[in-house]
Amino acid sequence: MIPRTADGATATGSATGPGPGATTLLLAELTRNGRISLRLACSRLTTWESLLVQHVLGRGDVEFLATDPDQHEPAAPDTVTLTRSPLAGLSLWAPGEPTGPEAEHVGGLRVPVEVLDAVAEETRVFEAREAADRHEADTILRTWEKNGELDDRLARLADWVERVESVYILIGRDVFSKSDAGTNTLTRQGLLTGLRASPVDDWRPADRLFVVLAYCLFVSGRSVRFEEFNGLQLSATGLREFLLDRHAQYCAALDRVPGGAAGLPLLELAQVVRELMHDVDRSELMRYRRINGLTFVKNERLLDFPLPRDPETMPELVARHGRLNLGVEPTGDVRADLRAMTLAAVALDAAAEADPGPAPPAQGAVGELLAAVVLSSIVATDADYGMSSSVRDLSGLRGVRPGSPDGVLTLKKGDFFCCCLPHPSRMAEVGEETAPILWRSAQRMMYNRWHFAPGEYDRAEIPDKRHYFFPPQVPDIAEHAEHHHGGHVASRVRYTIRAPGAQVWHPPFTVFGHGYRGCYDIRLVRMEGPPFTTTELAEAVRHCSLVDELWRTLAQGLQSGTLHVPPVDGFDRSWYESRGWERLRPFGLASRTPAGADPV
């Protein structure tokens, strides 16, 4: 039944009786006890459901009925049935409407008939607008079919769906999904394959709409756009309004007049949004995404964060490591100082390779410099732990010819590494679980890095059997990340920040003739609250700029032949099991440096 305690347990009882208590319980269920916003909660409801919620919240004459329904008796004309499913959450069913076959009954709402009448009237208004907008989408689909383009577009759509981690889109009561954590109607259950084998006239209306709208979403910004509707309703009207909103935001960011975007055909509007997006990435506003792990939704936002988005001064911990362990005195030019530190670290690694001595550092001097940046980001954001991952040996990206993917395609998971480190003091309560948590996270990131590696090549260059995802390109900040994700549960990942590089306001990271995005990063984790804020997101982005400079320096020296760049060693199972982070010199500095100390 719908009443829940704070820890998610279900309360008991037959009815709340009339009064605000009934709709308070409804609000708590819709928002998962406040873990998602009411706006987001209503966005996953059908038009009728959303309007009903807006009408009843706060009313004193709505009654919650907690008794199980008699399956043989029709629902009363004033009773709305409530059901729950693992991913769709709460659903509200109109009197007489059959519930979904897999829905768990949780009770009912007795609603005044005049309220139901008002909701029905308002629903008809929205449905009339939706029917008009669906006509345009249907015309696009019929044109594709007439011109013999439909099968090719379906094949491309199916491939795009495979390049994103989770798709969970609702059109009315129909689910279009591809997820390891829930249903997979699009690929595993063969929905898209079935559409390719049948004429458009045999498709469900929701199928016709999904194909066109999902295609438009990709045109507007690659398959990550699918994730902006995860757990939400996707409609023809909703997509047009989404694109117009994004167009207006982008024009405002660029100080441009929006013009007549409202009159553009749907596909043309999507293309205009895509073109503006690249200009926004060089503006004074930074695109980032807010992720809610409960619903899989990933909404793009704009943050007032002027370029260049580098640290104004070298972070204290990195500066100390450079001065004390690499012999680099800071000059005030952050990127130049980081380049000098990188070159000094490469020289130490080359010397150790030539004459290893009694016990060279397991992760090398370059790995230790990266660790200093990671530790600095952890301390600056008060994260429990954090990480950065990439390829161990840059020369492994070299193809037979410049720009070819054959070098990337030979790489295995073990050819990547993840420097995953704990906060110097915040994980003390975890004790012996620290090493397993860090190693599990590192393994997941090594796999992700392998999975992302081919993502910036043309599709035709990648073998069909090589699965991959499009790599992340813009920073993100996530809450409730442990839901629907076993790896996050095991590593106690609840709140996260990800700042990928090469950052979209810079040129791609180019090595051996090919440019990459999302090939290194800064990632931060909190196991408990409070959630991260955009202030901490900005700090992660600044630290990713240092990671970016490190890898660009290595790549430039390797390609020019001026540097011998050994692979990054360490950061493997034995390194984590032996608590290798405690032997890092930056970790010792971080443990001894008081908070708020003056920078070097």
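At-a-glance table
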| read-out | value |
| --- | --- |
| Degrees separating the helix 266-280 axis from the principal Cα axis of the chain, which is the longest one | 30 |
| Relative packing of 152-158, 47-53, which averages over residues the other C-beta atoms within 10 Å, highest first | 47-53, 152-158 |
| GluC sites (Glu not before Pro) restricted to the range 522-559 and DSSP loop, no more than 11 other C-beta within 10 Å | GLU528 |
| Selected from GLN54, ALA158, PHE210, residue furthest toward positive end of dipole (the chain; charges at beta carbon) | ALA158 |
| Dipole axis of the range 407-526 (+1 Lys, Arg; -1 Asp, Glu on Cβ), positive-most option in ALA502, ALA428, ALA460 | ALA428 |
| Estimated FRET transfer efficiency when R0 is 22 angstrom, pair ARG59-THR237 (beta carbons, to 0.05) | 0.20 |
| Peptides ranked, highest mean first, by Cβ atoms within 10 Å: ranges 259-272, 102-115, 227-240 | 227-240, 102-115, 259-272 |
| Reachable lysines, given that their alpha-carbon falls under 28 Å from the alpha-carbon of LYS412 and they are not under 8 places away in the same chain | LYS178, LYS465 |
| Part-to-part distance (alpha-carbon centres) for the range 547-589 and the range 406-460, which is given in Å | 14 |
| Fraction of accessible area attributable to carbon and sulfur, the range 27-167 (%, probe 1.4 Å) | 53 |
| Magnitude of the charge dipole, the range 90-177, Cβ model with Lys/Arg +1 and Asp/Glu -1, debye to 20 | 40 |
| Distance from the range 201-230 to the range 263-334 (C-alpha centre basis), Å | 28 |
| Percent carbon-and-sulfur accessible area, the range 461-582, ignoring ligands, DNA and RNA, probe 1.4 Å | 51 |
| Per residue, in Å², the accessible surface of the chain once ligands and nucleic acids are set aside, probe 1.4 Å | 42 |
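The values are calculated or read from the model by the stated rules, or taken from the named source; none is laboratory data. Given the structure is predicted, the values throughout are model-derived calculations rather than measurements. Quick reminder, even Gly has a Cβ in these numbers, built from the backbone with ideal geometry, and neighbours come from all protein chains shown. Keep in mind that these areas ignore ligands, DNA and RNA; they rest on the heavy atoms of the full protein, side chains included. Shrake-Rupley method; radii C 1.70, N 1.55, O 1.52, S 1.80 Å.
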